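What follows is one structure encoded as structure tokens, with my remarks underneath.
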Amino acid sequence: MEKKGWIMKQTWNKLLFLHWPVTPEFIKPFLPSQLEVDTFDGKAWIAIVPFEMDHIRFRGLPSVPHASRLWELNVRTYVTYKGKPGVYFFSLDANHPLAVSVARNIFNLPYYRATMKGHVHGEEISLSSTRTHRNVRHGALTIRYKPIGPPETSQRGELAYFLTERYCLYIVKKGKVYRGDIFHDHWPLQKAECEIYQDTLSTPYGRPANSAEWTLHYADKVQTYIYPFRYVRR
């Protein structure tokens, strides 16, 4: 995809992909009926993804000082629509009220206000998040993570590629499917390790307590271009 027609640019930093497998049957009740579960070797996947976002700006406008940096934490899975793979978000928490309002009202994404404290200690990142959005399910996460090993680029056909190289997301509004395209370079993935001290975000989604059942990847930085959502005709 060429880098033209985008409406927003962001840089994503210090990102962790924490994935675990579930059966397609488990995940179907959480999805709009219009979307199909995407699988790898017969398994569906759910992820918790914390990261820091900065250099946020709309096309044609400069970054706004003190308003273009935030922490985000999302819970997601993978779907297809009309054969095109993408991301479906169960929730996105962020510690910037204006950004949450814009994302909810302009992009119709399930963003929620949260109190977040993120710290970077060398290569180690710690994040504590508590949802403060009114009239929604409580969600909290306290996590510490860091990369281990050198960065590598995943290859098509590998699990890491399936889980991370996603270039669109879907929302369903009043029964209609909308797709938002995303452009970025391939993820510079590193193996990772993490510890979770508190987690009520993943309670409905069956995260295994045993970390041996998690698949972990870390990415230090990627610049991302966001495109407007478009109605996908049947």
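So here's what we get for this one:
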| item | result |
| --- | --- |
| For the chain: relative contact order, % (alpha-carbon pairs under 8 angstrom, 6 or more apart) | 23 |
| Over region 111-201, equivalent-ellipsoid semi-axes from the Cα gyration tensor in Å | 26, 25, 11 |
| Approximate spin-label separation A209-Y167, in nm, with each point projected 7 Å along Cα-to-Cβ | 4.2 |
| Among T215, Y78, Y161 the positive-end extreme of the charge dipole of the chain (Cβ point charges) | Y78 |
| Entries of K84/K191; K14/K174; K4/K82; K3/K221; K9/K117; K176/K221 with Cα pairs more than 29 Å apart | K14/K174; K176/K221 |
| Computed label-point distance, nm, for sites K176 and D41 using a 7 Å Cα→Cβ extension | 4.1 |
| Spin-label pair R57/T115, simplified geometry with 7 Å Cα→Cβ offset, distance in nm | 3.3 |
| Positive-end residue of G118, V172, S91, charge dipole of the chain with Cβ unit charges | V172 |
| 3J(HN,Hα) from dihedral phi, region 121-127, Karplus parametrisation 6.51/-1.76/1.60, rounded to Hz, x for glycine, proline | 10, x, 8, 9, 10, 10, 9 |
| Label zone at E193, where the point sits 7 Å out along the Cα-to-Cβ direction: region 207-234 residues whose backbone N lies under 16 Å | 211-218 |
| Gain in span if fully extended, F26 to R230, counting 0.36 nm per residue against the direct Cα distance | 70.6 nm |
| Exposure ranking of W20, W71 by accessible area [1.4 Å probe, largest first] | W71, W20 |
| Three-way shape label, region 1-58, alpha-carbon gyration tensor, a/c 1.5 | prolate |
| Value of Rg/Rh across the chain [Cα atoms, Kirkwood radius] | 0.93 |
| Sulfur and carbon atoms: percent of accessible area, the chain [1.4 Å] | 50 |
| Accessible area per residue in Å² at 1.4 Å probe, computed on the chain | 51 |
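The values are calculated or read from the model by the stated rules, or taken from the named source; none is laboratory data. Bear in mind that the values here come from a model prediction, so they are computed numbers and not experimental data. No Cβ is skipped: glycine too gets one built from the backbone with ideal geometry, and neighbour counts run over all protein chains shown. Ligands, DNA and RNA are excluded from the accessible area calculation, which covers all protein heavy atoms including side chains. Shrake-Rupley method; radii C 1.70, N 1.55, O 1.52, S 1.80 Å.
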